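Here is the structure we will look at, set down as structure tokens.
We did not get these values from a lab; they are worked out from the coordinates using the rules stated. Predicted, not measured: the structure shown is a model, and the values here were computed from it. Note that we place each Cβ from the backbone using ideal geometry, even for glycine, and neighbour counts take in every protein chain shown.
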Amino acid sequence: MPESRPVSFYRYASLVGFLFAVIFFKVVVFSNNHDSDSHFADVQADLHAWLIDHQAPIWTYQLCAGASRIGNALSFGFSPLLLFFVIFGAFWGYKVLLLFSFSVGLYYLRRIFGLLWPSDPQQSLDISAPERDWVVTCVALLFMFSNYFMWHMAMGHAMFGVIYFVIGIVYYMLLAAHRPLARKEFFTGVFLTFTFFSGSSYYGFVFFLLPITVALGLFLILKPLVQRESLASAVRTVFRVAAFLVLGIGLASFKLYQVIAYNHRFPRNFENYPPDLGGFFRTLVAHFVPTSGYAYLFKIPAQSFWGIWEDSAFSLNAWLLGGFLLAAVYRRFRNGKPLYFEAWLLFPLLGCLVAYGFVLGESSKLSLYVLLNGVLGNGIRCVGRFQVALSFFLSLLLIQILGRDARYCRFFSRWLSIPCL
């Protein structure tokens, strides 16, 4: 039996993560800085339509001398998430929504890491269940407390908190790619998809869900070649993943159609802005260098035209991945023993390539960012916002490495987890 710490240790260690969460909610969530008032005003317009005018918030006369609400990709007027604002009001409703989204994200991110935990039977016997759960929780918290979310919350960009909610959709996508969904799982996936796309879906879809969907699509194409599956089995897997997504998006199509139509008539165009350049150095700095004030440490200037909050995605997961990866490579060449490989390792590897294709921005004419902007009429800016997808896949790779060697997992659990948090 593997030597492991008592369960009481993980209970006390979990308290550290909880206290960190309390500090996060106190300092960031319960602040009202910079762009917060804009989001409060938008929601107040939707509430006024439903509760005062007694009509659907299709159009409002209260904002910008008249503006579409159903055509706004950031509005909650037709989403079940509007209930938070109906119950708590525009101001406190946002606070409760962010807490709820954080809880949903942490719950499903832990399940994603558990789902993709390597299934090497030899290593799984050497890692106790409490130890594995603690490692999964720590890596999840480090992702969710990364600079990407911290900075956007501090700047009042409340809509970025909805990305936490999208993690639930990602979980059911990966679960459907792993096995057939049970009835309850299927309809939960449909509900999450409908709730998201009928509400504020722009940031969560473009910068997070879209890169993950592209990576999963490539994985499902290549997986039969790695595992030598039949074509029929591969097609069934694709249909399983697409089924609940198509149904959920179909139920929200009344909102999506209006968003597309409104933006087609009044397109967002950023042609007069400077080129949005990405690249390897900018990505390296964004993930490995922490910030101090409104700049990176070591006086490295922010690369974003808007500011550091559109650039930084620092997370200790990136440092941990680099350290354990170097250790794994060293052991590989010293012992000549290959690492345990399974097809699901291909998914985060493809994801990193896809996310980097978006992060490249206009540095390359062949980048996925340029391709996407070509489809959407140059309506997307802030290439640094795609860093969240890359941070997600780096965290998945870290889970894969920790789960492939019990010594790495135990070393992280006993000596690194608490200091990192």
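Results, tabulated for the structure shown:
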quantity	calculated
Max mean-square fluctuation residue, GNM over the chain, Cα-Cα springs under 10 Å, options Ser312, Ser395, Ser38	Ser38
Average projected area [Cα convex hull, the stretch 39-166], square nanometres	9.6
Kirkwood Rh (inverse of mean 1/r, distinct Cα pairs), the chain, angstrom	22.6
GNM flexibility winner over the chain from Tyr61, Tyr262, Tyr356 (Cα, springs under 10 Å)	Tyr61
Cβ-placed point charges (K, R +1; D, E -1), dipole of the chain about Cα centre in debye, nearest 20	1060
Charge dipole (the chain, unit charges on Cβ, about Cα centre) - positive-most of Leu81, Phe314, Ala232	Ala232
Between helix 36-47 and the chain: long-axis angle, C-alpha atoms, 0 to 90°, nearest 10	60
Student exercise, the stretch 325-402 dipole from Lys, Arg, Asp, Glu Cβ charges, in Debye to nearest 20	280
Percent breakdown of C-alpha pair distances by 5 Å bin, ordered from the shortest bin, for the stretch 289-328	5, 24, 24, 16, 14, 11, 5, 1
Of Gly93, Gly323, Gly278, the one that fluctuates the most in a GNM where the chain has Cα springs shorter than 10 Å	Gly323
Taking the stretch 45-160 and dividing mean pair separation by its residue count, relative contact order in percent (alpha carbons under 8 Å, at least six apart)	15
Orientation-averaged projected area, Cα convex hull of the stretch 104-206 (nm²)	7.6
Rel. contact order, % - alpha carbon contacts under 8 angstrom, at least six apart, the chain	22
Positive-end residue of Tyr408, Ala261, Phe145, charge dipole of the chain with Cβ unit charges	Tyr408
Cα-based shape type of the stretch 131-267, given that a ≥ b ≥ c are square roots of the gyration tensor eigenvalues and the cut on a/c is 1.5	oblate
Per residue, the convex hull volume that the Cα atoms of the stretch 319-421 enclose (Å³)	128
Electrostatic dipole magnitude of the stretch 99-230 [Cβ: Lys, Arg +1; Asp, Glu -1; Cα centre; debye, to 20]	300
Prolate/oblate/rounded call for the stretch 152-227, Cα gyration tensor, a/c under 1.5 rounded	oblate
Overall dimensions of the stretch 238-326 as given by Cα atoms, namely Rg and Dmax in Å	19.8, 52
The chain: calculated mean residue ellipticity at 222 nm from DSSP helix runs of at least 4, using -39500 (n - 2.57)	-19500 deg cm²/dmol
